[in-house]
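The values are calculated or read from the model by the stated rules, or taken from the named source; none is laboratory data. None of the values given here were measured: they were computed from a predicted structure. For neighbour counting, all protein chains shown are included, and Cβ atoms are generated from backbone atoms with ideal geometry for every residue, glycine included. Side chains are part of the model used for accessible areas, which takes the heavy atoms of the whole protein and leaves out ligands, DNA and RNA. Shrake-Rupley method; radii C 1.70, N 1.55, O 1.52, S 1.80 Å.
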Amino acid sequence: MAQPTKTPTPAPAGRAAAKKELSEHFKQYKHVWVFIEQERGHVHPVSWELMGSGRKLADKLGVDLAAVLIGAPGEALNAAVAESFCYGADLAYVCADPVLQDYRNEPYSKALTDMVNTYKPEVLLLGASTLGRDLAGAVATTLLTGLTADCTELEVDTDGSLAATRPTFGGSLLCTIYTLNFRPQMATVRPRVMPMPDRVEKPIARVIEHTLGMVEADIVTKILAFVPDRDKATSNLAFADVVVSGGLGLGSLENFQLVKQLASVLGAEYGCSRPLVQKGWVAADRQIGQTGKTIRPKLYIAAGISGAIQHRVGVDGADLIVAINTDKNAPIFDFAHLALVTDAIRLLPALTEAFRKRLSPHTRDRIAS
């Protein structure tokens with residue numbers, strides 16, 4: 001009698017099918033690095049936010065957290081090195097050279113690549129700023145390793161791998177990406193995605209200096225002059241304590257003025273969802289969401305915004321989210337702290353008038369405290 005044929009069990013797909021098989025060379029890679037982005041004497045706040053996340057990763061892995069600084073010798077670089085220890089660094093790697101005065105991809109990527117090859121970090125984090133994105137891509141390509149961009153969450157998996165989560169498919173899904181068999185594991189994180197850690201006054205500890213080994217004649221790109229952008233956006237959305245935002249549900253540019261009026265009374269910043277930028281109603285620097293700004297206000301008022309995941313990833317860090325929408329099934333109500341099912345066009349003027357009567361200029365300044 002013929003035996004029944006067994007259907008072969010399909011191999012697991014995705015993360016379950018992947019195996020962490022590090023070569024002996026990559027097993028030498030240890031510790032968590034955070035690139036401290038600083039230009040013209042100012043450290044980008046995303047660097048300190050990443051120090052907080054890096055501290056958690058380093059503690060879970062049982063390794064050191066290192067700050068990595070590249071720039072011209074001087075007081076500004078020294079101050080950034082000292083500050084990195086106040087935000088949790090166990091040690092700092094510093095590459096100081098006059099040719100690093102201004103950011104240029106060639107010398108900066110060489111400096112960071114050489115430092116990685118010399119000191120072998122397991123994880124390397126950079127801010128997803130204009131500078132950070134440019135540098136991270138060049139370094140990852142040179143090192144032939146993986147890079148997960150615009151992460152919203154960083155964790156350590158059960159086998160010690162970095163689990164980097166980011167939006168995908170136009171922001172409709174969140175996926176977790178692993179770099180299993182190459183090192184370092186690299187990720188960029190947008191400003192304000194991670195909370196700012198507490199600053200604790202600490203003395204400078206171990207500093208390791210690295211030589212660039214490059215002269216100006218070796219660099220193709222030249223800095224002729226520095227011209228600040230006088231017309232750049234002046235919005236302070238990312239660091240505002242109170243933000244009032246409007247979406248397509250407001251119906252018209254005229255109705256969007258209601259958002260600006262409420263923001264003005266509250267002493268707040270105003271923002272919008274992506275469709276309003278696409279329509280030309282609001283400037284792009286006011287867009288909140290995956291392809292706009294990420295914010296962490298104490299109060300966020302969203303009027304006429306449906307709340308798709310593209311917008312959610314930009315506001316998840318808010319302490320209090322108040323959503324106003326006529327659609328009781330709007331996705332924004334799934335994560336808002338207070339849901340008002342009503343017409344924002346009617347409610348916003350009433351809120352504005354109520355706040356105008358109750359708030360003095362002094363209390364406006366403290367409304368988010």
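Farthest towards the positive end of the charge dipole of the chain, among the residues M51, L359, I288, is the Cα of L359, using unit charges on the Cβ of Lys, Arg, Asp and Glu.
Dipole size of the chain about its Cα centre, with +1 on Lys/Arg Cβ and -1 on Asp/Glu Cβ: approximately 1020 debye, rounded to the nearest 20. Taking trypsin sites (Lys or Arg not before Pro) as exposed when DSSP calls them loop and at most 13 other C-beta atoms lie within 10 angstrom, the chain has its longest site-free stretch at 41-198.
Dipole orientation for region 232-359: of the candidates S306, I321, S245, S245 has the Cα lying most toward the positive pole (charges on Cβ; Lys, Arg +1; Asp, Glu -1).
Each Cα pair under 8 Å and six or more residues apart adds its separation to the average, and for the chain the resulting relative contact order is 14 percent. Around the Cα centre of region 24-218, unit charges on the Cβ atoms of Lys, Arg, Asp and Glu (plus for the first two, minus for the last two) sum to a dipole of about 360 debye.
Counting charges near L250 (Lys, Arg +1; Asp, Glu -1) among other residues having Cβ under 13 Å from its Cβ returns a value of +1. Averaged per residue, the chain has 50 square angstrom of accessible surface, using a 1.4 angstrom probe with ligands and nucleic acids left out. Model label sites at K222 and T141, defined 7 Å from Cα along the beta-carbon direction, differ in position by 2.4 nm. Each part gets one Cα centre, and for region 298-335 versus region 92-151 those centres are 36 Å apart. Springs between alpha-carbon pairs under 10 angstrom, Gaussian network model over the chain: which of V220, V243, V200 fluctuates most? Judging by the Gaussian network model, the answer is V220.
Note on region 24-218: with neighbouring protein chains present and a 1.4 Å probe, carbon and sulfur make up 52 percent of its accessible heavy-atom surface. Here the calculated FRET efficiency for E106 and F335, from their Cβ-Cβ distance with R0 = 45 Å, stands at 0.55, rounded to the nearest 0.05. Take every Cα pair under 8 Å whose residues are at least 6 apart in sequence, average their separation, divide by the length of region 24-218, and the relative contact order is 28 percent. Farthest toward the positive end of the dipole of the chain, out of M115, T148, N105, is the Cα of T148, where the dipole comes from beta carbon charges about the Cα centre. Placing +1 on the Cβ of every Lys and Arg and -1 on the Cβ of every Asp and Glu, with no other charges, gives region 243-323 a dipole of roughly 100 debye about its Cα centre. Taking label points 7 Å from Cα along the Cα-to-Cβ direction, T342 and I208 give a separation of 6.0 nm.
For region 239-369, the fraction of 1.4 Å probe accessible surface lying on carbon and sulfur atoms is 49 percent. Quick check on region 66-173: take the gyration tensor over C-alpha atoms, sort the square-rooted eigenvalues as a ≥ b ≥ c, and tell me if it's rounded (a/c under 1.5), prolate or oblate. Here region 66-173 falls in the prolate category. FRET efficiency for the pair E39 and D64, taken as 1/(1 + (r/R0)^6) with r the Cβ-Cβ distance and R0 = 30 Å, rounds to 0.70. Applying 1/(1 + (r/R0)^6) with r as the Cβ-Cβ distance of E21 and N117 and R0 = 30 angstrom yields a FRET efficiency of 0.90. With semi-axes defined as the square roots of five times the eigenvalues of the C-alpha gyration tensor, the equivalent ellipsoid of region 24-218 measures 24, 19, 17 Å, largest first.
Calculated mean residue ellipticity at 222 nm for the chain: -8500 deg cm²/dmol, from DSSP H runs with n ≥ 4 weighted as -39500 (n - 2.57), summed, divided by the residue count and rounded to 500. Our note on the geometry: Cα centres of region 26-89 and region 172-196, 17 Å apart.
Every Cα-Cα pair of region 232-359 was included, and the share exceeding 17 Å stands at 51 percent. Comparing mean-square fluctuations of A138, A263, A283 from a GNM of the chain with C-alpha springs under 10 Å, the top value falls on A283.
The long axis of helix 45-61 is offset from the longest Cα principal axis of the chain by roughly 60 degrees.
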